[in-house]
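Accompanying notes for the structure given below.
The values are calculated or read from the model by the stated rules, or taken from the named source; none is laboratory data. Predicted model only: the values in this text are computed from it and were never measured. Don't worry about glycine lacking a Cβ; one is built from the backbone with ideal geometry, like all the others, and counts go over all protein chains shown. Ligands, DNA and RNA are stripped out before the accessible areas are found, and what is left, the full protein with its side chains, is counted by its heavy atoms. Shrake-Rupley method; radii C 1.70, N 1.55, O 1.52, S 1.80 Å.
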Amino acid sequence: MDFLHHIFAFDENSPLLFTQFYFWAFFALVYALFALIMSVGKTTNSKLHLRNVYLLFVSWFFYYKTSGLFLLILAFVTLSDWLIAGRIKSAITNNKPQIAKIFLTLSVAIDLGILAYFKYAYFFTNAINDLCGTDFRVFDIFAYIGNGFAEAGRFSVDTIVLPVGISFYIFQVISYTVDVFRGRIQPVRNILDFGFYVSFFPQLVAGPIVRAEEFIPQLYKPFRLNRRAFGIAVFWIINGLGKKIIMSDYLAVNLIDRVFDNPLLFSGFENLFALFAYSLQVYADFSGYTDIAIGVAMLMGFYLPMNFNSPYKSQSPQEFWRRWHMSLGRWLKSYLYIPLGGNRKIGFGTYFWLSLIALVSAALTGWWWIIAAVGCLLLAIGIIDRRLKAKGQELKAKSKLLYSNLNSFITQVLGGLWHGASWNFIIWGGINGFGMIIEKIWRETGWHLRFVLITLLTAGLCVADFYTNLPAWRLFAVWAAIIWVGTAIRYIYFLYEGTENTFTKAMATAWAVLQTFTFITFTRLFFRSSSNLDPATANEVAWATAKNMVNQIGGAWNNAIIPDFLWEYRWVVAMFIAGMLIHWVPTNFKRRYRLWFSAMPLWLMVLAVCVAIIVIYQFVSAEMQPFIYFQF
């Protein structure tokens, strides 16, 4: 009975993780029955329906083992959106677009309301208390209702726990109802099939975010798994486990978590190295989960979208966000950026969100002049927009640049807020948004003006550092000086040569990749500071951590301890260097060895997998590290 209780009962201290043996035993049993279902008789619609229902209940069991009674929230969202999507389609068929819009609004309001309640209750409560001087506290209405059905006091009403994966499946169901409204897909007739789409267990808790038009057609296709697909699926699983356990967890346990837990105990160089190492850790962790999810889904005949494309090869922030968390990027583009106007226009949504961001920023900093400044900016934008439209086609490119910059900035800020209920996530999104705007403007600027601007910026930051002696100004001044050196070299070459050859183009590419990686790493300071925190204290702790790290990195360095650090943490340093070199391996080469692995004889593949598993699990830490994106 104890054994059965351990298998079927929810234990919040032992969720199902891809890195646990328990999960793979679970998947082996699931896959054995799955193979039995698919191997008996011909593939018919009834067999496909049986497979979908079977995997639906498997997915619900998986989510229950991960999140307990929060399974009820998942079931409610599934039922709600399935019913409303049917009403939307009926209204459209009967030529009642306004009714369809009302139902779409209802669906999105329910979905975002649930997400906001669980994810942002502390954030909004603290913001209202800070602004109004009140003392409101969060109240878990779902726990209160649960206590009405169970013994009194079983569920705490004083804390709100974030359900695992809620951000991912909420975005999935929103994409479904919106696409039904747009006529891009037909509503799913069977609620069990729809429930399977929403809760498919490999990608349920940390993505990738699968849009309905990508996945639902697969529900009705016959199962096929040829020899090459099987080999590639196995490769993705082993590759993901290696990224997570060998690289991500090793870096986190042996350095990164120590530094971020108390930055003041470590030197500026140690803080800086930990920050760069975190960039590699978060990539290895999240892309590792995605690799495993893609491999597990492929073994069952389902294909999930690619979520990462070597993002640290990017030459600009904009390119980075096209390569990083691609499923979220596509979702934000389709359901936020384009509805805001994209590069076509600026409308009410653009003005509303910019005004709200200004109000929140002023309330956060106490600098109320921000509202006046943004108000003037919005007025100027409106005037420029009118003049650009009046000029006609000749200024079409400039108007597109204006619209694109404004709407992409808003998208980045709200994308940051999607990651978590903390000011640091908003700051992180805002910095990325500014980075993308500056990069676009920089790309359109001539070399003469580039050199003048970077010279003035570097000089200004050096003066600010000299007179204030603040670590933040020193940090920016050093970074600007490094960029100035690179710009000056290219500017001089441009003056004397005019065109670049193969070598100089390669150097320029490497320089752009390095600068983009440095910029993205700097933004990670705010991302990591807000991670793994109690929502009740997240803002205060996250800001203190970020400030302390900036002070350490921008403060005076004791260079004498650097050799000692490099020796004491030599294996961490070696892991970081190896991880970056592997990441920068050409994509075509990676594809070739992936195909080579999939074409191995079966006995050799089994041997390779056994060796890989033995090596991987030599790196397992005493306590399993959860995937970073589980918290989102």
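Observations
- Whole-Å distance, taken between Cα centres, linking segment 567-625 and segment 44-79: 33 Å
- Its residue count N sets the reference 2.2 N^0.38 Å, and the alpha-carbon radius of gyration of segment 238-295 equals 1.23 times that reference.
- For the chain, the longest principal axis of the Cα atoms and the long axis of helix 570-583 meet at an angle of about 80 degrees.
- Here segment 192-242 is treated as a sphere whose radius is the Kirkwood value from Cα pairs; by Stokes-Einstein at 10 °C and 1.306 mPa s it diffuses with a coefficient of 125 µm²/s.
- Convex hull projection area averaged over all views, segment 199-319, Cα basis, nm²: 9.6 nm²
- Sorted from greatest to least, the principal axis extents spanned by the alpha carbons of segment 40-139 come out as 68, 44, 13 Å.
- A simple count of charges around Tyr278, restricted to other residues whose Cβ falls under 9 Å of its Cβ and scoring Lys, Arg +1 and Asp, Glu -1, yields +2.
- Shown for segment 409-467: the carbon plus sulfur share of the solvent-accessible area, taken with all protein chains present and a 1.4 angstrom probe, equals 78%.
- Over the chain, Cα pairs under 8 Å with separation of 6+ residues give a relative contact order of 18 percent.
- For the chain, the solvent-accessible area works out to 49 Å² per residue, with a probe of 1.4 Å and every protein chain left in place.
- For the listed residue pairs Lys96/Lys400; Lys313/Lys400; Lys440/Lys505; Lys313/Lys505, the alpha carbons are over 22 angstrom apart in Lys96/Lys400; Lys313/Lys400.
- Viscosity 1.002 mPa s, temperature 20 °C, Stokes-Einstein D of the chain from Kirkwood C-alpha radius, µm²/s: 79 µm²/s
- Diffusion of segment 406-562 by Stokes-Einstein, at 25 °C in a medium of 0.890 mPa s and with Rh set to the Kirkwood radius over alpha-carbon pairs, works out to 139 µm²/s.
- Given the chain, longest segment not containing exposed loop trypsin sites (Lys or Arg not before Pro) (DSSP; at most 16 other Cβ within 10 Å): 346-632
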